[in-house]
Structure formats: structure tokens, C-alpha cells
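Q: I have a structure here, written as C-alpha cells, and I will follow up with some questions on it.
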Amino acid sequence: MPPSTISQPINNAVLPAQSGDGFVVKAPVELSGGDVLIGVSASAWSQAPGQISMQVWLDDQPADGNLSIYANEGQMHMSLGHTWVLCESVPAGQHTIALEAGPTTVTDENDRACVTVWQIGDDVAARFSVDAPCPQGTGQTLFKGLVETEGGPLLISACASGWVTQAATCITGFTPVDGGDPARLEVFANNANQHMSMVATDYVYSAANRGLHEVLFNADGLTSTDGGDTAHLAIVEWLGDGTSPRRLPMQNQLQNATAQTQTGEGGTVAASQFQAGGGTLLIRTNVSAWTTNPGLPLMIGIQIDGTSVGFTEIFANPAETHMAMVSNDLVVTGVTPGSHELTLIGEANTYTDYNDRVSVMILEFDATM
């Protein structure tokens, strides 16, 4: 089997106006055959309080991937979170990936979607990908499972939604493996009793030995969930020497990092230097933001060495409300070997402060070093 490859057929696509049960985006993709991970994120809204959802389709058939969140208010654009959908034994050739809106899920020109395709090669193994409705209660275990590995490092990607009963509190999740130190993912809740997506996060767990491992996805003691919330968890294992695709070390680790304070005038949200080897980069970008005025698009630019390579966005109906933006699994080519700086920049009217979170991981495919 060849090495893993990465592509992004849908990058911040502007979604069409539709009022539910409609396909919002489709794109062709050429696959070499085998297992495929499809990274998906999107925003949407509903006319009235209720469930908002997006279903992933592959070749006119629904896949086992679903983004879903409960909207406490109508007329409010919301991030639906992020998921990696595992499609096994996909034949070689041209295929079609699509997102279908749920029955009460509305989209318009203010909504965005991103779809990235990771063709699994002989350098890694996709151990599982799960989208599960959350249990009802506070401080619940959202997902519990066993994963069997060959002893390589594990890439763990997580996202979920939830709510808190007290305003000005973080909605928080944890993803421990074998009872070890858990990774943390959060979003700041300005309002009580409002379902919100956490800022998705990725981390590498290197202490796994060959055999079975217990993976948990827990809500903290202040975070409540119910059937309107969804937990997303994916695990990929590096095989052999674990060097391809490489996780690029970053000077500042941006895993649930606190955003810098800036007021939407080109200020820096986060920055970190990294060493590239000349391959194709997957820049997993997840961040929250807010604005002082209602009814405005929020946008954070993704730059390498001061040059824009992409964006992450969300439309903010309310002011003074921190919101997870639509995650962007951005694929970038043409970055030369050597040292570079990744910078996230707040665009017009897009504010961040110490209550916002940033999670960025860079993987390099087909590197020369």
C-alpha cells in the first residue's frame, strides 16, 4: 500500500440557501483505494429552536458521519463541530463526497463547510471514528471504548457540544487514555443553558504499548449534555517508525491554548514557529472568537511567514458571545524546507481574548526529510 496522502476538495465553501433536507455541497475526489478518513466541519441554523445536523455522503450513500447540535434559539448560525468519518475499503477511482442538511437545518450564504480527505496508507492505521449522541446529565462520560494498537503513537482528535447552567463558565471535555493525563477542549459560554460546540482539538499520545487501551471522552463537573449534543472522537495510530505523516513540532504548542487579546484590526490571535521538510501540510485549525456588534461575519486568517493560506469563519448573529468557528483542515503545498512561522490573524470585527481557545496541529505528508 502507498503512503498516506491528503487533499481538501472543499475549503470554506459558501453554502447555498436551502431550508432542510437538501444537499448543501458536493465535490469529486480521486481515491487510490483503501481506507479513507473524511474530515468534516460546517455551520448552519434553524428557523426555530431544534436540532441542526449535517450527514456525510459518499457516492450517493450516507456514511457513518454526522454533525449535530441543538439550537436553543432560532435564526442563529452555529458551528456544528468537527468529525473524522472512517470509510473502509473504498475502491480506487473517482468518487463524490457530499453533505446533506437535516430536516430542520437551514443554510445560506453566511454558512461555510470544509471537507478534507486523508487516504490511509501503510504508514498509519485508522483505529476508529465515532459520532455518538451524548448522555443526559452533568459531568458524564460521553464515550467509552477499547482500541487495540500495535504500540505506536496515537493521534487523538476530539470535539463535542454541551452547555452549562451558570453563565461565564467554560464548556469542557477531557480525553484520557488508560487513565493518563487527559487533553482538554473548551469553549467559553457567555450564556447559561445554551448548547455550544467546543473548540475541536488534537493531541498525540505516545505511551501506548501493544494491546488494548481504554479511551474515554468525559465532560467536566460543570458541563451538561443531553441527546441534543454529539461527541466526536477519532484515533489514528502511527505504524513502524511513526514518521510519515510527520507531526511537525511547534515552538508554542497550540493545544487548547489561550488566544491572545486583539480587537479585529489585524492583530495576532496565536503564533508559533515550526520546521517543515518540503511536503504537503495538513494544518488542523480550530479557534473561537466573538464580536462587539451583532450580525457580522467572523474571520481569522491563517498565515505562513506573513502570507495568507486560508481562513476559518463563522457568522455571529449575537454580539458578546464566544463561538467556535468552523474548523478548517487546511491543506497547503509549496512550503519550502526549513523554519517557518504560522500566525492566526483576527480580521475586521473579529475579537479574541483570554476566554478564547486555539488548537492547531500540523502534519506533513510526503516529506523529503
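Q: Condition check: part of a strand (DSSP E or B), surrounded by 15 or more Cβ atoms within 10 Å (Cβ to Cβ) and more than 18 Å from the chain's Cα centre (by Cα). Does residue 98 satisfy that?
A: no
Q: Would you confirm, using the coordinates I've provided, whether residue 81 is open to solvent by less than 10 Å² (accessible area, probe 1.4 Å) and on the phi > 0 side of the Ramachandran plot?
A: Criteria met by residue 81.
Q: So, of the residues in the range 84-94 that are surrounded by 19 or more Cβ atoms within 10 Å (Cβ to Cβ) and not aliphatic (A, V, I, L, M), which turns out to be nearest to the chain's Cα centre (by Cα)?
A: 84
Every residue, every condition in (1) within 17 Å of the chain's Cα centre (by Cα); (2) closer than 18 Å to residue 349 by Cβ; (3) not β-branched (Val, Ile, Thr), yes or no:
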residue: 262; (1), (2), (3): no, yes, yes
residue: 272; (1), (2), (3): no, no, yes
residue: 275; (1), (2), (3): no, no, yes
residue: 280; (1), (2), (3): no, no, no
residue: 286; (1), (2), (3): yes, no, yes
residue: 289; (1), (2), (3): yes, yes, yes
residue: 293; (1), (2), (3): no, yes, yes
residue: 296; (1), (2), (3): no, yes, yes
residue: 301; (1), (2), (3): yes, yes, yes
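Q: Looking only at the range 101-125, count every residue that is open to solvent by 20 Å² or more (accessible area, probe 1.4 Å) and either of a type in the set (A, V, I, L, M, F, W, C) or part of a strand (DSSP E or B) (or both) and tell me the total.
A: Count: 2.
Q: Can you confirm whether residue 266 is part of a loop (DSSP other than H, G, I, E, B) and either surrounded by fewer than 22 Cβ atoms within 10 Å (Cβ to Cβ) or modelled with pLDDT of 95 or more (or both)?
A: It is true that residue 266 is part of a loop (DSSP other than H, G, I, E, B) and either surrounded by fewer than 22 Cβ atoms within 10 Å (Cβ to Cβ) or modelled with pLDDT of 95 or more (or both).
Q: Right, next: For residue 358, indicate whether it is open to solvent by 20 Å² or more (accessible area, probe 1.4 Å), touching a residue at least 12 places away in the same chain (Cβ under 8 Å) and among the β-branched types (Val, Ile, Thr).
A: Spelling it out, it is not the case that residue 358 is open to solvent by 20 Å² or more (accessible area, probe 1.4 Å), touching a residue at least 12 places away in the same chain (Cβ under 8 Å) and among the β-branched types (Val, Ile, Thr).
Q: May I pose another question? Does the range 139-155 contain any residue that is closer than 16 Å to residue 231 by Cβ, at pLDDT 95 or above and open to solvent by less than 40 Å² (accessible area, probe 1.4 Å)?
A: For the range 139-155, residues closer than 16 Å to residue 231 by Cβ, at pLDDT 95 or above and open to solvent by less than 40 Å² (accessible area, probe 1.4 Å): present.
The values are calculated or read from the model by the stated rules, or taken from the named source; none is laboratory data. For clarity, every value in this text was computed on a predicted model and none was experimentally measured. Neighbour counts run over all protein chains shown; Cβ positions are idealised from the backbone, glycine included. All accessible areas refer to the heavy atoms of the entire protein, side chains included, with ligands and DNA or RNA removed. Shrake-Rupley method; radii C 1.70, N 1.55, O 1.52, S 1.80 Å.
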